[in-house]
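Just below is one structure, and these are the notes that go with it.
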Amino acid sequence: MAGASTNAIALVLVALLSVLVTSVRSAANYDTSAARSYNSGWLPAKATWYGAPTGAGPNDNGGACGFKNVNQYPFSSMTSCGNEPLFDAGAGCGSCYEIRCVAANNPSCSGQPRRVVITDMNYYPVARYHFDLSGTAFGAMAKNGLNDKLRHAGIIDMQFRRVRCNFPGMKVTFHVQRGSNPNYLAVLVEYANVDGTVVRMELMQTRNGRPTGSWEPMRRSWGSIWRMDTSRPLQGPFSMRITSDSGKTLVANNVIPAYWRPDKAYWSNVQFY
């Protein structure tokens, strides 16, 4: 009996290892271009959720993109971690996707598309594309009244497609990060419409009361936070130029004032359309 029991346990372990290896291979088979394209149609993915059942995901309402208060408008808790094809080392931060699950995936699924924003990183993907959703976003895929029942499934098959972001009433915002000083400037950019993403950010200083006329490239620090380190103290006001992943460019003139302060957000009057 003991030998039979040992053999059974061994078979279970082998089966689990096979599933794990298959998942790892699948997760490693990334295709960022398909995930980030607007023309790929519905693609298959896995969905899980984390945090409070009706929350925004992270306990601090933030995430690896650096966005703040994702439980509030315009994200409104409809957020997700993305694995590498979606997060893309931070270049995917702010991108918008429609997600859905259908009855064939789970009887509680409504099949209705719901929009989410990538605000965090999924470090442990179980599939080629893996959305680790907020509890709110996961439950939003359910039929009316079956939100909790769908969340109890834990992990489901789903479909997704990239869509253009639209944040009515919002302008692109530049949030100077805590710890910034004249020789180190770190800036979070958020609320960009259309692509939602920023793949390049540049800064123009003001010296002797005039813009320098020179755009200086910043580098991605992490997520949607960009930084500039310099031995010569930076002088504002600063104009900012941002570029999205589809090549659209936007300039916010003198958006960060001369007497800027760390841990303060500066709203521009510009937006992608």
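The values are calculated or read from the model by the stated rules, or taken from the named source; none is laboratory data. Here the structure is a predicted model, which is why all the values come from computation and not from measurement. Cβ placement follows ideal geometry from the backbone for every residue including glycine, while neighbour counts extend to all protein chains displayed. Calculation scope for accessible area: heavy atoms of the full protein, side chains included, ligands and nucleic acids excluded. Shrake-Rupley method; radii C 1.70, N 1.55, O 1.52, S 1.80 Å.
Determine the per residue accessible area of segment 171-265 with all protein chains present and a 1.4 angstrom probe, expressed in square angstrom. All intermediate terms of the calculation are to be shown ahead of the outcome.
Working: 4370 Å² over 95 residues.
Each residue of segment 171-265 exposes 46 Å² on average to a 1.4 Å probe.
Can you list the cysteines of the chain that have no other Cys Cβ under 4.7 Å away?
Flagged as lacking a Cys partner: 81.
Give, as a single signed number, the net charge of other residues whose beta carbon lies under 12 Å from the beta carbon of residue 247, with Lys and Arg counted +1 and Asp and Glu -1.
Value of the local net charge: 0.
So how strong a dipole does segment 31-160 carry about its Cα centre when Lys and Arg Cβ are +1 and Asp and Glu Cβ are -1, to the nearest 20 debye?
Here segment 31-160 has a charge dipole of around 340 debye.
So if we plug the beta-carbon distance of residue 39 and residue 254 into 1/(1 + (r/R0)^6) with R0 = 41 Å, what FRET efficiency do we get, rounded to 0.05?
0.65
Any idea what angle helix 2-28 forms with the longest principal axis of the chain, computed on alpha-carbon atoms, 0 to 90 degrees, nearest 10?
Roughly 30 degrees between the two axes.
For the chain, what mean projected area does the convex hull of the alpha carbons give, in nm²? Can you show the working numbers first?
Details: hull surface 72.0 nm².
Taking the Cα atoms of the chain, their convex hull projects to 18.0 nm² on average.
For residue 269 paired with residue 231, estimate the spin-label separation in nm (one decimal), with each label point 7 Å from Cα along the Cα-to-Cβ line.
Simple spin-label model gives 3.9 nm for this pair.
List every residue whose amide H lies under 5 Å from the amide H of residue 66, counting only residues 5 or more places away in sequence or on a different chain, with H placed 1.01 Å from N in the peptide plane.
224
Find how much the distance from residue 32 to residue 178 grows on full extension, using 0.36 nm per residue of separation minus their present alpha carbon separation; answer in nm with one decimal. Write out the running numbers ahead of the final one.
On the way: separation 146, 0.36 × 146 = 52.56 nm, distance 3.19 nm.
Result for the pair: 49.4 nm of gain on full extension.
Using the structure shown, list the pairs from 46/248; 68/143; 46/143; 68/149; 68/264 with a Cα-Cα distance above 21 Å, or answer none.
Distance filter (> 21 Å) returns 46/248; 68/143; 68/149.
Shape of segment 139-214 from its Cα gyration tensor (a ≥ b ≥ c, root eigenvalues): rounded if a/c is under 1.5, otherwise prolate when a/b > b/c, or oblate? Please list the in-between numbers first.
On the way: a/c = 3.64, a/b = 2.75, b/c = 1.32.
The shape class here is prolate.
Using only the Cα atoms of segment 99-169, build the gyration tensor, take square roots of its eigenvalues as a ≥ b ≥ c, and label the shape rounded, prolate or oblate: rounded if a/c is under 1.5, else prolate if a/b is larger than b/c, else oblate.
oblate
Along the three principal axes, how long is segment 188-256 when you take its alpha carbons, biggest first, rounded to the nearest angstrom?
36, 21, 17
With a point put 7 Å past each Cα toward its Cβ, work out how far residue 148 is from residue 164 in nm, to one decimal.
My value for the distance between the label points is 4.0 nm.
For segment 31-160, just say rounded, prolate or oblate: build the C-alpha gyration tensor, square-root its eigenvalues into a ≥ b ≥ c, call rounded for a/c under 1.5, and beyond that prolate if a/b exceeds b/c, oblate if not. If you can, show how the numbers build up before the last one.
Numbers: a/c = 1.67, a/b = 1.12, b/c = 1.48.
Since a/c reaches 1.5 but b/c is at least a/b, the shape of segment 31-160 is classed as oblate.
What chymotrypsin sites (Phe, Trp or Tyr not before Pro) in segment 29-98 are in a loop by DSSP, with at most 15 other Cβ atoms within 10 Å of the Cβ?
38, 42
Out of all DSSP beta bridges in the chain, what portion is antiparallel? Express it as a percent rounded to 5.
Given both bridge residues lie in the chain, the antiparallel proportion sits at roughly 85 percent.
Less than 12 Å Cβ to Cβ from residue 180, Lys/Arg counted +1 and Asp/Glu -1: what total charge do the surrounding residues give?
Here the charged neighbours net out to +2.
Compute the signed sum of charges (Lys and Arg +1, Asp and Glu -1) over the other residues within less than 14 Å, Cβ to Cβ, of residue 211.
Working: positive: 207, 210, 241; negative: 202, 216.
Neighbourhood net charge equals +1.
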